[in-house]
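Notes follow once the structure below has been shown.
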Amino acid sequence: MQRTLSIIKPDGVSRNIIGAVVQKLEKSGLNIIAMKMIHMTRKQAEGFYVVHKERPFFASLTEFMSSGPALVMVLEGENVITRYRDLMGATNYKDAAEGTIRREFATDIEKNVVHGSDSTESAAFEIGYFFNSFEIVKYRLSEK
Ligand code: CMP
């Protein structure tokens, strides 16, 4: 069993496509075990994306990620990191496969609607960045 962090970014929230994205997660059998709306400060966005701090897009990315509310979720399932990344599609929506979230909804390489952890190590860091243990459910009724 694996966990991953999912974010519906400020572009997705402001365009009212939370429901459409969550429906894709549910239809793909990715279990949501935590969910909340946040609005990151610039500092919080910089801390979250610290691995990208030397990249040319860092300033623009952290400005965008702190520009409005975002929805953060924890997903759980077998091989969920890869399964969710496959469902998101390539970072650049132009390269994303048909049927993926980014192919369907993204408008820009930066405003690409969703984020997902890329490894078990980053998932552990990213989940801990937003959630404490009381905010993550232990199991879902269907799994009881
Ligand atoms: P995400 O999966 O959240 O990881 C880093 C983010 O940086 C990426 O999605 C995009 O929102 C943003 N970004 C902007 N420009 C680029 C780029 N040229 N390459 C990769 N990521 C970029």
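Just report the Cα centroid separation between the range 79-108 and the range 33-60, whole Å.
So the two Cα centres are separated by 20 Å.
Along the range 84-92, what does the Karplus equation 6.51 cos²θ - 1.76 cosθ + 1.60 (θ = phi - 60°) give for ³J(HN,Hα), rounded to whole Hz, x for Gly and Pro?
6, 5, 5, 5, 5, x, 4, 3, 8
Ignoring everything except DSSP H segments at least 4 long, calculate the 222 nm mean residue ellipticity for the chain; use -39,500 (n - 2.57) per segment, divide by total residues, nearest 500.
Per the formula, -10000 deg cm²/dmol.
Note down the magnitude of the dipole of the chain about its Cα centre, charges +1 on Lys and Arg C-beta and -1 on Asp and Glu C-beta and zero elsewhere, to the nearest 20 debye.
280
As a quick test, which of the pairs LYS24/LYS94; LYS24/LYS53; LYS27/LYS138; LYS9/LYS94; LYS53/LYS111 have an alpha carbon distance above 23 angstrom in this structure?
From the list (LYS24/LYS94; LYS24/LYS53; LYS27/LYS138; LYS9/LYS94; LYS53/LYS111), the Cα-Cα distance tops 23 Å for LYS24/LYS53.
How much accessible area per residue does the chain have, in Å², with a 1.4 Å probe?
Accessible surface, normalised per residue, equals 54 Å².
Please identify the chymotrypsin sites (Phe, Trp or Tyr not before Pro) of the range 1-107 that satisfy two criteria: DSSP loop assignment and at most 14 other Cβ atoms within 10 Å. Which are they?
Of the chymotrypsin sites (Phe, Trp or Tyr not before Pro), the ones in loops of the range 1-107 whose Cβ has at most 14 other Cβ atoms within 10 Å are PHE57.
For the chain, what is the relative contact order in percent, using Cα pairs closer than 8 Å and at least 6 residues apart in sequence?
Once normalised by length, the contact order is 36 percent.
Can you give the accessible area of ASP11 in Å² (nearest 10), computed on protein heavy atoms with a 1.4 Å probe?
10
Go through the range 7-22 residue by residue and turn each phi into a ³J(HN,Hα) via Karplus (6.51, -1.76, 1.60, θ = phi - 60°); whole Hz please, and just put x for glycine and proline.
Values, residue by residue: 10, 8, 6, x, 5, x, 5, 5, 8, 6, 10, 4, x, 5, 5, 4 Hz.
How many percent of the accessible area of the range 99-144 is carbon or sulfur, using a 1.4 Å probe?
56
So what are the radius of gyration and Dmax for the Cα set of the chain, in Å?
Rg and Dmax of the chain, Cα atoms, are 14.4, 47 Å.
How large is ³J(HN,Hα) for each residue in the range 32-38, as worked out from phi by the Karplus curve 6.51 cos²θ - 1.76 cosθ + 1.60 (θ = phi - 60°), to whole Hz, x for Gly and Pro?
8, 10, 6, 7, 7, 8, 9
Over the heavy atoms of GLU54, what accessible area does a 1.4 Å probe trace out, to the nearest 10 Å²?
Its heavy atoms expose roughly 150 Å² to the probe.
Which of the listed residues, SER117, ASN132, ASN16, is farthest toward the dipole's positive end in the range 14-144, when Lys, Arg count +1 and Asp, Glu count -1 at the beta-carbon?
Of the options given, the answer is ASN16.
The values are calculated or read from the model by the stated rules, or taken from the named source; none is laboratory data. Predicted model, so just to flag it, every value in this text is computed and none were measured. Quick reminder, even Gly has a Cβ in these numbers, built from the backbone with ideal geometry, and neighbours come from all protein chains shown. Ligands, DNA and RNA are excluded from the accessible area calculation, which covers all protein heavy atoms including side chains. Shrake-Rupley method; radii C 1.70, N 1.55, O 1.52, S 1.80 Å.
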